[in-house]
1. Considering the range 50-83 alone, what residues qualify as being crowded, with 22+ Cβ neighbours inside 10 Å, touching a strand residue (DSSP E or B) at 6+ places or on another chain (Cβ under 8 Å), in a helix (DSSP H, G or I) and not small (Gly, Ala, Ser)?
2. Is one or more of the residues making up the range 23-33 surrounded by fewer than 17 Cβ atoms within 10 Å (Cβ to Cβ) and either in a loop (DSSP other than H, G, I, E, B) or of a type in the set (S, T, N, Q) (or both)?
3. Given the structure, is residue 56 out of contact with any Leu (no Cβ under 9 Å at 6 or more places or on another chain), closer than 16 Å to residue 8 by Cβ and either β-branched (Val, Ile, Thr) or at pLDDT 90 or above (or both)?
4. Report yes if residue 40 is crowded, with 16+ Cβ neighbours inside 10 Å, of a type outside the set (Ser, Thr, Tyr), in a helix (DSSP H, G or I) and at pLDDT 85 or above, otherwise no.
Amino acid sequence: MTVYVDDSRLSWRGRSWCHLVADSIAELHAFAAQLGLRQEWFQYRTMYPHYDVTMRVQRRALALGAQVGDKKTIVACAKRLRTELSRQNFHTGAPPDPPQGALTCKEVTSADEPLQQSLFGA
């Protein structure tokens, strides 16, 4: 399993931001905790589940082992996380284990155009 950050550099409130995603919800929360992110900052009610992080936090994430994800990888992770969340109650249920033989975000080849537009604005 892997954690990814994109390099989208979206401007908001005078800062540049990017997205933090992972192959699973559990891995994403564990990594976010290592970065000092609070779980209530998790964007689970959006079209795709993720953490928004500043470029400074992105550099820390990379130093801790996250990989830079291209658009295709970030979209694949977003779809995976959204599917995982739809199978559980975020506030009360533990994340399910990935199915045996499940593909990682890097292995998914098809992209979801509306999700790409939501993530990257184009």
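The values are calculated or read from the model by the stated rules, or taken from the named source; none is laboratory data. These numbers were taken from a predicted model, which means no experiment stands behind them. Heads up, the Cβs are rebuilt from the backbone with ideal geometry, glycines too, and the neighbour counts pull from every protein chain shown.
1. Of everything in the range 50-83, those that are crowded, with 22+ Cβ neighbours inside 10 Å, touching a strand residue (DSSP E or B) at 6+ places or on another chain (Cβ under 8 Å), in a helix (DSSP H, G or I) and not small (Gly, Ala, Ser) turn out to be 58, 74, 77, 81.
2. Among the residues of the range 23-33, not one is surrounded by fewer than 17 Cβ atoms within 10 Å (Cβ to Cβ) and either in a loop (DSSP other than H, G, I, E, B) or of a type in the set (S, T, N, Q) (or both), which makes the answer no.
3. Answer is yes for this residue.
4. No: the conditions fail for residue 40.
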